[in-house]
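Below is one structure; the comments refer to it alone.
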Amino acid sequence: MNTRTVSVNNTFTPPEHTWPRNPGMPLDLDWVASVQVNTSAVERRAATLGGRRTVKKEFQAAWLCKAISCIDLTTLAGDDTPGRVRRLAAKARQPVSESLLEQLGLQGLTTGAVCVYHEMVETAVRALEGSGIPVAAVSTGFPAGLSSYRLRLAEINDSVKAGAREIDIVISRRHVLTQNWQALYDEMAQMRAECGQAHVKAILATGELGTLRNVARASLICMMAGADFIKTSTGKEGVNATLPVTLTMLRCIRDYEARTGIKVGYKPAGGIAKAKDALLYQAMMKDELGVPWLQPDLFRFGASSLLGDIERQLEHHLTGRYSAANRHPLG
Amino acid sequence: MTVRDIFHSMDYGPAPESNAEALAWLAAHEGNFGHWIDASFTAPHDSFETKNPATGHKLAQVTQGNQADVEAAVAAARRAQPKWAKLSGHSRAKFLYALARLVQKHSRLFAVLETLDNGKPIRESRDIDVPLVARHFYYHAGLAQLLPSEQPDLEPLGVCGAVIPWNFPLLMLAWKVAPALAAGNTVVLKPAEYTPLTALLFAEISREAGLPKGVLNVVTGDGATGAALVAHPEVNKIAFTGSTAVGRKIREATAGSGKALTLELGGKSPYIVFEDADLDSAVEGLVDAIWFNQGQVCCAGSRLLVQEGVADRFHTKLKHRMDGLRLGDPLDKCIDVGAIVDPVQLAAITAMVDSCKDGEVYRAATPVPAGCYYPPTLITGLSTASKLMQEEIFGPVLVSTTFRTPGEAVDLANNTRYGLAATVWTENINLALDVAPKLKAGVVWVNATNLFDAAAGFGGIRESGFGREGGWEGLLAYLKPRLKTKTLLQAHPAPEPVNPEVEGLDRTAKLFIGGKQARPDGGYSQAVYSAKGRLLGHYGLGNRKDIRNAVEAAQAARGWAKTTAHNRAQILFYIAENLSARAAEFAARLLELTGKPGEAEVEAAIGRLFTYAAWADKFDGAVKSVPIRGVAIAMNEACGVIGALCPDEAPLLGLVSLMAPAIAMGNTCVLVPSQVAPLAATDFYQVLETSDLPAGVVNIVTGSHAELAKPLAGHLDVDALWSFSSTPLSALIEKEAAGNLKRTWVNHARARDWFGAESEGRTFLGAATEVKTVWVPYGE
């Protein structure tokens, strides 16, 4: 059981230091080949979860605050500027207005990380100094991952040097689509090595993998190759995080733990914009993997607009009145 | 708990659904209900409490229906029936549509009331039961609309008595009431003693649909009330869902009454997990199979069969999943398992599990609230000999054993007296579609479980009962041919003359068992005389041992069902050809036996053989339009071994009229020929012998109908029994059939024109088949 106490008063523990890192394991192709995913059954489970699990009142407020602590507050746009990133960093430090947090008894709550492109890493690191909030950099030719292999590896190195403590790499989808598992494993292992002390999240781009079976195989291989997190999407694919994809990946994480004893984290990204959606994902994490996977060291939301909806729900919880977006500071 | 505490513990909190509206409805009736007869509540009397099993608190008082109440309700239904039946299909469709809409409009009230009365989680009543109820009425509104044009030769049965269980009170009401009303019947419904409230609410709401007086009546009470309804002579059909024990009693009680009967009874349904299955999804499926409705589901996947190589891994995953199940207040929107319906049922489950001395019992490591709750339980390591592997527990208890090969999985799955449902998990479509037809069940789910829909037939075989609910096949159980029938008088053989005329070489007619001519076990024979007193020959007097041998031979020939329909058609054509070659001889024999020219009967018999040769490869199943991404395939499968007492009045044509549909559909049969003129049949076995019919597919045992009916009807390895004997045996047969709850089709002493169109075709094919619905969701 996770006995770590979560401190929220400006002593926010950096989220990456609770469990042993995933050292990876040799590629086990028998395991990969034996993977079975029944799409209809996965969809049924995902579709009925919302009817089985719900949290109300103070429980909902607490769960939503927990969700905030797991958000990788993200900006990944071509028009990002230092000013834009500094504003985002400020929002990460103070994701909910101070008065609301005070009433909730959760002063000091921050988001899990700030997630930016390489060019913005330095700005973000400086803006977050002293907060303990890590900067995550998307890397390796994000989002398509089709720039030269040398450059992709170099990009990781550059971002780590610039102060990124988390690297979100994208896998080569073509290796999955052509069943070139060895290439996928080797690529992932080398990227993990490039990251050094920085934690690595492997973006599978599940919307481009075609089948849940491929999602499961890619999940297993990335974990075998040492991914600290597996992540659904870049946010740029046609289909991003979904509950069936999530269920498939969580079951892989569970199997990997059963086999190796290692806990690997999970990050759904893209399309999670409502507080209600976040609660559903949390319920799936809790039911499939357990409470440790509700903490930011094993769970992140890749989201930009989710926080705004959560803020409104929290105010509603405290006041009984439905809230408005303009009452909450823009991120 | 503060937000901060919860932030650390991340517990689920309470999420109660309000019961205010439901309680207000009860209060509006002062918590005291009479019956619903002629569209209004009667004055309550002799009332008993119905309780909320989750709290033990009384919800309301309901009336214990007595004989007079049942009389009044049946009389109301009888008065209303002719006018209801005379309405156009469209008019009845409008009423059923209104009922569907009303269920939707009051959906939350129904759901909450159901949960209060039954203890099932509000998620299930809200997301499963009530939507299925609405769907059932919509679907049957459509059937009512189409019935006159699709089935112009059928008419309603009359007054239907429905006796329903406590596990799905409103859904079972819908399954009985919707088809009955769609077909033009009126209904007297007896809800379960534990759970009468949603039926009363439904009845009251039916007034908002403008349902005419007397069309739907509800009489509450216990088993005695149900028994009074079952026994009522003015009731034309009983539709029962409940335990096999009570179903058997109803079969006995209605024997010989002429009441139509459908029974949906218990089960011990296998849940087969092959090594190549998506194990996590199969585990999740078990949550829907055995922890749905606290396992109080007739078709619950309660018997886990898992391939040995993955069994340990599967059990580990399963236990982990069980630990995550949340038990508690059924009105809480965040629980998985609610309350057991009543302390009596809780005690029964507890006693059964506690009596189990073998295997390893695992109880979910999840908090169990005080009161009427039972923890999700898994018992592994049981053998087929274990009592809990065979008997229905009707609670959240899963028993498990392992198998090695697909063949062994099928053997284990079918090693049960029941035959309701089965579940198969594999990613191999070859395996799934090979195994599904081999499973003895009315419903098979592939990579899913407990899928239901109004368009898909549901029901069992063996001791899980007979009849289907849902689809056209379900509606047919509420209809009968529009025929004027006459009383069938008992036929008697020509009397033994004082001075019999004997000529020619002695011929010995034998029994025909397993493809061989066999002497009767008892060593007795009976002489047959022509009307003019000529000795025509002797026939063997078969006895119970001959029946035993014939049934064994018929069982041994069950491979017949696996032959292609084309092959069966060819053989039927060939039988016709060989009969035709000897037409003159058969005609002469019939003239001697019956005193009437036989040419027409022989020609009719040849025509009938052609009819079923034609049907053999054309009585197609269906793909049902169910609301999933997938297919629900309704397969017409052979019943198995069919016993038939053949008509006396058309000794050759009658026998052929029963034999041909039976074997065309892949059944094997034991035929007892006309008792008056058995030699027509004994001549006929020579035709069979020369027609490439495999041994044992048709067996012929001559003898006294009165003597042979009992061992045949009581035989536990006979799957269906038909009787068109002129000897009044319908009551005896239906009573004896209660032993293994075989399907029966008897004449109740009504005559039939064996030459007419009514004596061939779909009615006979339907009797010779069971509809098996195989659900195959798909998607990659």
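The values are calculated or read from the model by the stated rules, or taken from the named source; none is laboratory data. Quantities reported herein were computed from a predicted structural model and do not represent experimental measurements. Cβ: placed from backbone, ideal geometry, glycine included. Neighbour counts: every protein chain shown.
Key figures
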{"read-out": "Residue within region B:318-334 that is surrounded by fewer than 24 Cβ atoms within 10 Å (Cβ to Cβ), touching a Cys at 6+ places or on another chain (Cβ under 7 Å), modelled with pLDDT of 95 or more and within 11 Å of chain A (Cβ to nearest Cβ) present", "value": "yes"}
{"read-out": "Selected residue (only one of A:LEU88, A:LEU100, A:LEU106 is assigned to a helix (DSSP H, G or I), on the phi < 0 side of the Ramachandran plot, within 14 Å of chain B (Cβ to nearest Cβ) and modelled with pLDDT of 95 or more)", "value": "A:LEU100"}
{"read-out": "Total residues in region A:70-84, condition touching a residue at least 12 places away in the same chain (Cβ under 8 Å) and surrounded by fewer than 24 Cβ atoms within 10 Å (Cβ to Cβ)", "value": "4"}
{"read-out": "Condition met for B:ILE571 (among the aliphatic types (A, V, I, L, M), more than 29 Å from the chain's Cα centre (by Cα), under 23 Å from B:PRO694 (Cβ atoms) and assigned by TED's automatic domain parsing to the domain that holds B:ALA695)", "value": "yes"}
{"read-out": "Test: residue in region B:247-262 that is away from every other protein chain (no Cβ under 14 Å), touching a His at 6+ places or on another chain (Cβ under 7 Å) and not in a loop (DSSP other than H, G, I, E, B)", "value": "no"}
{"read-out": "Pick from region B:433-450, criterion surrounded by fewer than 24 Cβ atoms within 10 Å (Cβ to Cβ) and within 16 Å of B:ARG629 (Cα to Cα), ranking: nearest to the chain's Cα centre (by Cα)", "value": "B:ASN450"}
{"read-out": "Every residue from region B:110-126 that is basic (Lys, Arg) and buried (at least 24 other Cβ atoms within 10 Å of the Cβ)", "value": "B:LYS120, B:ARG123"}
{"read-out": "Filter result for the condition that a residue is within 11 Å of B:GLY161 (Cβ to Cβ), assigned by TED's automatic domain parsing to the domain that holds B:MET172 and not aromatic (Phe, Trp, Tyr), over B:GLY214, B:GLY221, B:GLY226", "value": "B:GLY226"}
{"read-out": "Checklist (1) touching a residue at least 24 places away in the same chain (Cβ under 8 Å); (2) within 11 Å of chain A (Cβ to nearest Cβ) applied to B:SER269, failing item", "value": "(2)"}
{"read-out": "Residues being part of a helix (DSSP H, G or I) and aliphatic (A, V, I, L, M) - total across region A:113-130", "value": "5"}
{"read-out": "Flag for B:GLY607 being modelled with pLDDT of 95 or more, within 30 Å of B:GLU503 (Cα to Cα) and not acidic (Asp, Glu)", "value": "no"}
{"read-out": "Lone qualifier among B:PRO165, B:PRO156, B:PRO196 - being under 19 Å from B:ALA22 (Cα atoms), touching a residue at least 60 places away in the same chain (Cβ under 8 Å) and touching a Gly at 6+ places or on another chain (Cβ under 9 Å)", "value": "B:PRO196"}
{"read-out": "Residue within region B:44-63 that is of a type outside the set (Ser, Thr, Tyr), within 18 Å of B:VAL159 (Cα to Cα), assigned by TED's automatic domain parsing to the domain that holds B:GLY210 and buried (at least 16 other Cβ atoms within 10 Å of the Cβ) present", "value": "no"}
{"read-out": "Per-region count, region B:405-431, residues assigned to a loop (DSSP other than H, G, I, E, B) and of a type in the set (Gly, Ala, Ser)", "value": "1"}
{"read-out": "A:ALA144 being in a helix (DSSP H, G or I) and modelled with pLDDT of 95 or more", "value": "no"}
{"read-out": "Tally, over region A:298-318, of residues that are of a type in the set (Lys, Arg) and part of a helix (DSSP H, G or I)", "value": "1"}
{"read-out": "Any hit, region B:738-753, residues being within 14 Å of chain A (Cβ to nearest Cβ), more than 19 Å from B:ALA662 (Cβ to Cβ), in contact (Cβ under 8 Å) with a residue 24 or more places away in the chain and buried (at least 19 other Cβ atoms within 10 Å of the Cβ)", "value": "no"}
{"read-out": "Residues of region B:227-245 classified as in a helix (DSSP H, G or I) and touching a residue at least 40 places away in the same chain (Cβ under 8 Å), total", "value": "4"}
{"read-out": "Qualifying residue in region B:203-213 (condition: on the phi > 0 side of the Ramachandran plot and among the small types (Gly, Ala, Ser))", "value": "yes"}
{"read-out": "Single condition A:ASP297 does not satisfy, out of (1) in contact with a helix residue (DSSP H, G or I) (Cβ under 8 Å, 6 or more places away or on another chain); (2) modelled with pLDDT of 95 or more", "value": "(1)"}
{"read-out": "Residues of region B:313-355 satisfying the condition of being within 30 Å of the chain's Cα centre (by Cα), assigned to a loop (DSSP other than H, G, I, E, B) and hydrophobic (A, V, I, L, M, F, W, C)", "value": "B:ALA339, B:ILE340, B:VAL341"}
{"read-out": "Every residue from region A:250-280 that is part of a helix (DSSP H, G or I), of a type outside the set (Val, Ile, Thr) and closer than 23 Å to B:MET322 by Cβ", "value": "A:LEU250, A:ARG251, A:CYS252, A:ARG254, A:ASP255, A:TYR256, A:GLU257, A:ALA258, A:ARG259, A:LEU280"}
{"read-out": "Condition broken by A:ALA325, with the remaining ones in (1) over 22 Å from the mean Cα position of the chain (by Cα); (2) crowded, with 19+ Cβ neighbours inside 10 Å; (3) aliphatic (A, V, I, L, M) satisfied", "value": "(2)"}
{"read-out": "Residue match in region B:337-351 (condition: within 14 Å of chain A (Cβ to nearest Cβ) and more than 18 Å from B:ARG303 (Cβ to Cβ))", "value": "yes"}
{"read-out": "In region A:29-74, the residues that are more than 7 Å from chain B (Cβ to nearest Cβ) and not in a helix (DSSP H, G or I)", "value": "A:SER34, A:VAL35, A:CYS70, A:ILE71, A:ASP72, A:LEU73, A:THR74"}
{"read-out": "Region A:195-221, residues that are surrounded by 21 or more Cβ atoms within 10 Å (Cβ to Cβ) and either without any contact (Cβ under 8 Å) to a residue 12 or more places away in the chain or farther than 19 Å from A:VAL42 by Cβ (or both)", "value": "A:CYS195, A:ALA198, A:HIS199, A:VAL200, A:LYS201, A:ALA202, A:ILE203, A:ILE221"}
{"read-out": "Residue in region B:12-33 that is exposed (fewer than 13 other Cβ atoms within 10 Å of the Cβ), of a type in the set (S, T, N, Q) and not in a loop (DSSP other than H, G, I, E, B) present", "value": "no"}
{"read-out": "Pick from region B:397-428, criterion free of Cβ contacts under 8 Å to residues at least 12 places away in the same chain and of a type in the set (D, E, K, R), ranking: nearest to the other protein chains (Cβ to nearest Cβ)", "value": "B:GLU408"}
{"read-out": "So B:PRO16, is it over 21 Å from B:VAL215 (Cβ atoms), touching a residue at least 12 places away in the same chain (Cβ under 8 Å) and within 14 Å of chain A (Cβ to nearest Cβ)", "value": "yes"}
